[in-house]
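For reference, the structure is listed below as structure tokens.
A short reminder: the numbers here are calculations on the coordinates, not readings from a lab. All values derive from a computational prediction rather than experimental measurement. Ideal geometry is used to build each Cβ from the backbone, glycine not excepted, and the neighbour counts take in all protein chains shown.
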Amino acid sequence: MSLKKIMSNYADYNLWVNQQFVNWLSPKSDELLSAEVPSSFSTIMKTLDHIWSTEEYWFSVISQKDVSQKKAENELSKEEIFEGLLNSSAKLKHFINSLSEEDLSTEIKITNPWFECELPIADYLIQVINHGTYHRGQIVTIGRNIGITDASNTDYNFYNVIKQK
């Protein structure tokens, strides 16, 4: 299997899984989604906003384009955060799907206050999607702590199995 196929599938999965979370959380009340729980981000909405912001950062790295600054999470409605996350995931998917095998192997240097590295675009894509997976797991745990227990299966393997049907 080619790097292109793997990375395109992974970017497609990222959009699908974020859509599953939006579908799951949309009917929940604003109060529930803003309930404070000890976690790296204290609410479901803060965690979703963090996933979105981080995805935007990594998109700017791999596309080598500046991304417009968004409003702070506390200035956004639930619907704006959901829409922003899905738009960001769609943009990432379309960009990754437009790249060639060679493009995905292109190394990009990052220098910022926290780290410096020079890795291929494919590695950065794995980073951003793994990051989202980590925090979506936290959202499920936050949800369980506040009584939301109806999360669906969003594992990568599950996605690949249902995609085949």
- Where nothing but the Cβ of Lys and Arg (+1) and of Asp and Glu (-1) is charged, how large is the charge dipole of the range 98-146 around its Cα centre, in debye to the nearest 20? 560
- Using 1/(1 + (r/R0)^6) with R0 = 25 angstrom and r between the beta carbons of residue 40 and residue 64, what's the FRET efficiency to the nearest 0.05? 0.30
- Sorting 22, 2, 84 by the position of each Cα along the dipole of the range 1-85 (Lys, Arg +1; Asp, Glu -1; all at Cβ), the one nearest the positive end of that ordering is 2
- Message: Among 105-116, 9-20, how do they line up by average Cβ neighbours within 10 Å per residue, starting with the highest?
- Response: 9-20, 105-116
- Message: Among the complete DSSP H segments of the chain, which ones combine at least 27 Å of alpha-carbon extent along their axis with a mean Kyte-Doolittle hydropathy of 0.0 or more?
- Response: 44-63
- Query: Based on the alpha-carbon gyration tensor of the range 88-165 and its eigenvalue square roots a ≥ b ≥ c, which shape applies: rounded if a/c is under 1.5, prolate if not and a/b is larger than b/c, or oblate?
  - Reply: oblate
- Item | Cα-centred dipole magnitude for the chain, charges only on beta-carbon of K, R (+1) and D, E (-1), debye, nearest 20 | 460
- Local net charge near residue 3, Cβ-Cβ under 14 Å (Lys/Arg +1, Asp/Glu -1): -3
- Over the chain, what is the relative contact order in whole percent, taking alpha-carbon pairs under 8 Å and six or more residues apart? 33
- Message: I need to check one value: relative contact order of the range 1-91, counting alpha carbon pairs closer than 8 Å and at least 6 residues apart, in percent.
- Response: 33
- Mind listing the Cα extents of the chain along all three principal axes, in Å, largest one first? 46, 43, 23
- Rounded to the nearest Å, the spacing of the alpha-carbon centers of the range 1-42 and the range 60-139 is 13
- Message: What is the sum of charges, Lys and Arg at +1 and Asp and Glu at -1, for the other residues whose Cβ falls under 11 Å from the Cβ of residue 90?
- Response: -1
- Over the chain: helical MRE at 222 nm, DSSP H runs n ≥ 4 each giving -39500 (n - 2.57), nearest 500: -21000 deg cm²/dmol
- Estimated distance in nm for a label pair at residue 158 and residue 119, the labels positioned 7 Å out from Cα along Cα-to-Cβ: 2.6
